[in-house]
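**Q** Before we start, here is the structure in question, set down as structure tokens.
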Amino acid sequence: MVVPHHATGARRARHRLADELADVVPPTLLADLVAVLAELVGNAVRHADPLPGGVVRVAWRLRTTAGGQTVQLRVTDGGAASGPLMRVANPDAVDGRGLHIISGLASRWGVERDGLGQSVWAEFDPTGVTRSDLVVAG
């Protein structure tokens, strides 16, 4: 789906994801997916340029494996001067925790760059095991 490069884009993406996957994945996984997608889109809006047309592309993919369903979320934007970096947020800070949330909920996440921009993805493993592997390709 394509959403505006604006705060409303995260809301649209969350609602569509929740509507489409409500009967497909367990409620606890859906809550994690919605939280991570909101962070990914929010980060794209705050820190990256839009794609042509002032938009951000949002996608998700479900794959069935022997262990259950694997879900991958992907947000593609026009890129930024620097890639996503985990920051240390002081307890009073109002931001700086998004990538920590993604890292804590997803099994793994990473960044892929090409000539058009960058995609930040997060994958959820059916085993529920989380790993903080940052994969950067480009």
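**Q** Please go through (1) modelled with pLDDT under 90; (2) within 16 Å of the chain's Cα centre (by Cα); (3) under 20 Å from Pro26 (Cβ atoms) for Gly128 and return the number of the only condition it doesn't satisfy.
**A** (2)
**Q** Quick check on my filter: what residues within segment 24-42 are open to solvent by 50 Å² or more (accessible area, probe 1.4 Å) and more than 12 Å from Leu105 (Cβ to Cβ)?
**A** Correct list: Val24, Pro26, Pro27.
**Q** Scanning segment 44-75 for residues that are open to solvent by 20 Å² or more (accessible area, probe 1.4 Å), among the β-branched types (Val, Ile, Thr) and within 16 Å of Ser119 (Cβ to Cβ), which turns out modelled with the lowest pLDDT?
**A** Checking each candidate, the answer is Val45.
**Q** To continue, here is another question. Go through (1) surrounded by 15 or more Cβ atoms within 10 Å (Cβ to Cβ); (2) modelled with pLDDT of 75 or more; (3) not basic (Lys, Arg) one by one and return the number of the condition Pro84 breaks.
**A** (2)
**Q** Determine whether Val2 is modelled with pLDDT of 95 or more, crowded, with 17+ Cβ neighbours inside 10 Å and over 18 Å from Pro126 (Cβ atoms).
**A** On the way: modelled with pLDDT of 95 or more: yes; crowded, with 17+ Cβ neighbours inside 10 Å: no; over 18 Å from Pro126 (Cβ atoms): yes.
Here the answer is no, as Val2 does not meet what is asked.
The values are calculated or read from the model by the stated rules, or taken from the named source; none is laboratory data. Everything quoted here is computed from the prediction, not taken from an experiment. In this analysis, Cβ positions are derived from the backbone assuming ideal geometry, glycine residues included, and neighbour counts consider all displayed protein chains. Each accessible area value is taken on the protein alone, full model and side chains, heavy atoms only, with ligands, DNA and RNA left out. Shrake-Rupley method; radii C 1.70, N 1.55, O 1.52, S 1.80 Å.
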